[in-house]
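The values are calculated or read from the model by the stated rules, or taken from the named source; none is laboratory data. Values in this document were obtained by computation on a predicted structure and should not be read as measured data. Cβ coordinates were reconstructed from backbone atoms using ideal geometry, including for glycine residues, and neighbour counts include every protein chain displayed. These area figures cover heavy atoms from the full protein model, side chains too; ligands, DNA and RNA do not enter into them. Shrake-Rupley method; radii C 1.70, N 1.55, O 1.52, S 1.80 Å.
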Amino acid sequence: MNIPALRLHHQHIALPHLKRPEQVVAWLGGLQGQDYPGAKWSIALRLPHATEADVAQAFDAGKIVRSWPMRGTLHVVAAEDLRWMLMLTSPKNIAISASRRRALELDDATLARCREVFTQALQGGKQLSREGMYAALAQSHISTEGSRGYHILWNCALHGLICLAATNDKDQNFALVEEWLPPTPPKTRDEALAELAARYFLSRGPATLQDFIWWSGLSATEARSGNAAIQSQLVKDTANGLSYWMPAESRLPKDAPSAFALPGFDEYLLGYKDRSAVLDAAHAEQVCPGGNGVFAATIVIDGRVVGTWKRVFKKAGIEITASPFKAMRPEDMQRFSDAVQRYGAFYQLPVRVVL
């Protein structure tokens with residue numbers, strides 16, 4: 001079982017054939033959204049020819065949206081998926097934040113008042129920046145000092161009231177979910193569990209149940225229930241004493257590209273609790289220094305993370321600085337240089353690679 005190659009294939013990184021950003025996001029179920037530019041590249045690299053403008057337009061049209069479903073972490077999800085995902089994941093995320101709310105002196109009455117303030121400020125199709133949202137709270141004498149402002153936004157998003165909507169310069173404004181996103185049929189909890197499990201294992205297999213538990217933030221019992229409900233769609237294989245699940249039809253294409261320039265936070269690495277199949281533990285510090293939660297963009301050769309890269313916009317185009325973990329063979333460096341041309345096409349700018 002070639003775990004890296006299968007993941008590259010199932011995640012639509014190698015030989016992508018989906019046509020629209022919302023199809024990529026729906027297929028993955030959700031992808032990390034902390035780094036907005038990086039999230040756009042994560043989506044585009046899974047499409048044959050998408051540009052930054054194409055992906056931005058999908059956000060601005062409300063086809064894909066950022067909110068805090070899985071693990072209470074900022075993700076990009078398809079518009080039609082947000083409500084049922086929040087229904088499934090928010091109760092646990094809200095419950096485990098109780099001590100944080102107490103520390104910030106945010107009781108239920110205050111948070112209910114925050115929801116009223118945001119509803120009044122946004123209703124009628126209005127959108128506000130984060131600063132605008134904080135100003136609305138300040139006008140109602142609700143403090144946003146320290147981490148209070150962010151936690152209020154986060155809590156209101158978990159309740160399904162607000163989400164990130166259209167872009168304003170380089171960031172996104174907030175809007176009311178009920179006004180920004182079209183109505184969608186509700187799911188039962190069992191239906192939602194099965195759907196989330198299907199999105200995960202079909203797009204990220206081979207993956208373990210522990211990977212799914214970590215990624216989704218669900219309890220072990222809920223994750224097992226979701227996995228059990230989709231057994232007919234999956235096949236199990238074993239490697240290094242672990243059980244991996246993947247789509248029942250898992251055939252690797254021939255002559256697929258095997259060199260990629262992935263952004264930080266990409267699901268190829270962050271979509272799993274155990275990342276050892278693609279990243280040596282000895283190099284984890286270089287990808288996420290100090291375990292600070294900020295992940296560097298990665299060089300992937302033949303399925304393995306072999307280095308990191310940074311970009312700088314210059315007058316002549318984009319300069320890519322490659323930082324391999326160890327000296328790369330000239331042919332592998334050329335493969336990476338070829339791969340980053342797709343990144344240049346994403347921004348419609350020329351690209352130059354330096355070591």
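Just a few scattered comments:
- Selected residue (criterion: farthest from Lys273 (Cα to Cα)) from residues of region 290-306 that are free of Cβ contacts under 8 Å to residues at least 24 places away in the same chain and over 18 Å from the mean Cα position of the chain (by Cα): Gly290
- Taking residues in region 93-105 that are without any contact (Cβ under 8 Å) to a residue 60 or more places away in the chain, and partners anywhere that are part of a helix (DSSP H, G or I) and not hydrophobic (A, V, I, L, M, F, W, C), the pairs with Cβ atoms closer than 7 Å and at least 6 places apart or on different chains are Arg100/His151; Leu104/Arg148; Leu104/His151.
- The condition of being open to solvent by 10 Å² or more (accessible area, probe 1.4 Å) and of a type in the set (S, T, N, Q) holds for Gln34.
- Filter result for the condition that a residue is within 23 Å of Pro16 (Cβ to Cβ) and surrounded by fewer than 13 Cβ atoms within 10 Å (Cβ to Cβ), over Ala297, Ala256, Ala277, Ala316: Ala256
- All of (1) touching a Ser or Thr at 6+ places or on another chain (Cβ under 7 Å); (2) open to solvent by less than 10 Å² (accessible area, probe 1.4 Å) hold for Asp60 with one exception: (2).
- Number of the condition not met by Met328 [criteria: (1) exposed (fewer than 13 other Cβ atoms within 10 Å of the Cβ); (2) outside any strand (DSSP E or B)]: (1)
- Residue in region 268-280 that is without any contact (Cβ under 8 Å) to a residue 24 or more places away in the chain, under 30 Å from Ser323 (Cα atoms) and assigned to a helix (DSSP H, G or I) present: no
- Under the condition of being surrounded by 14 or more Cβ atoms within 10 Å (Cβ to Cβ) and either of a type outside the set (S, T, N, Q) or more than 15 Å from the chain's Cα centre (by Cα) (or both), the residues counted in region 73-109 number 24.
- Breaking point among (1) among the polar types (S, T, N, Q); (2) touching a helix residue (DSSP H, G or I) at 6+ places or on another chain (Cβ under 7 Å); (3) over 24 Å from Val340 (Cβ atoms), for Thr51: (3)
- Only one of the listed residues (Ala284, Ala256) is hydrophobic (A, V, I, L, M, F, W, C), within 30 Å of Leu242 (Cβ to Cβ) and either part of a loop (DSSP other than H, G, I, E, B) or more than 24 Å from the chain's Cα centre (by Cα) (or both). That residue is Ala256.
- Counted residues, region 236-253 - those being under 25 Å from the mean Cα position of the chain (by Cα), without any contact (Cβ under 8 Å) to a residue 40 or more places away in the chain and in a strand (DSSP E or B): 1
- Hits in region 105-161 - residues which are aliphatic (A, V, I, L, M) and under 22 Å from Pro69 (Cβ atoms): Leu106, Leu111, Ala112, Leu122, Leu128, Met133, Ile152, Leu153, Ala157, Leu158, Leu161
- If you go through region 186-207 and keep only what is open to solvent by 10 Å² or more (accessible area, probe 1.4 Å), in a loop (DSSP other than H, G, I, E, B) and touching a helix residue (DSSP H, G or I) at 6+ places or on another chain (Cβ under 9 Å), you end up with Pro186, Lys187.
- Any hit, region 159-182, residues being over 22 Å from the mean Cα position of the chain (by Cα), surrounded by fewer than 18 Cβ atoms within 10 Å (Cβ to Cβ) and in a loop (DSSP other than H, G, I, E, B): no
- Criterion applied to Ala248, Ala223, Ala284, Ala228 was being surrounded by fewer than 18 Cβ atoms within 10 Å (Cβ to Cβ), under 30 Å from Ile94 (Cα atoms) and among the hydrophobic types (A, V, I, L, M, F, W, C), and the one residue passing it is Ala228.
- Number of positions in region 132-156 that are outside any helix (DSSP H, G or I) and open to solvent by less than 30 Å² (accessible area, probe 1.4 Å): 1
- Whichever residue in region 268-281 is farther than 13 Å from Val305 by Cα and among the charged types (D, E, K, R) and, among such residues, is nearest to the chain's Cα centre (by Cα): Lys273
- Hey, Met70 more than 15 Å from Arg20 (Cβ to Cβ), open to solvent by 10 Å² or more (accessible area, probe 1.4 Å) and either touching a Leu at 6+ places or on another chain (Cβ under 7 Å) or of a type in the set (A, V, I, L, M) (or both) or not: no
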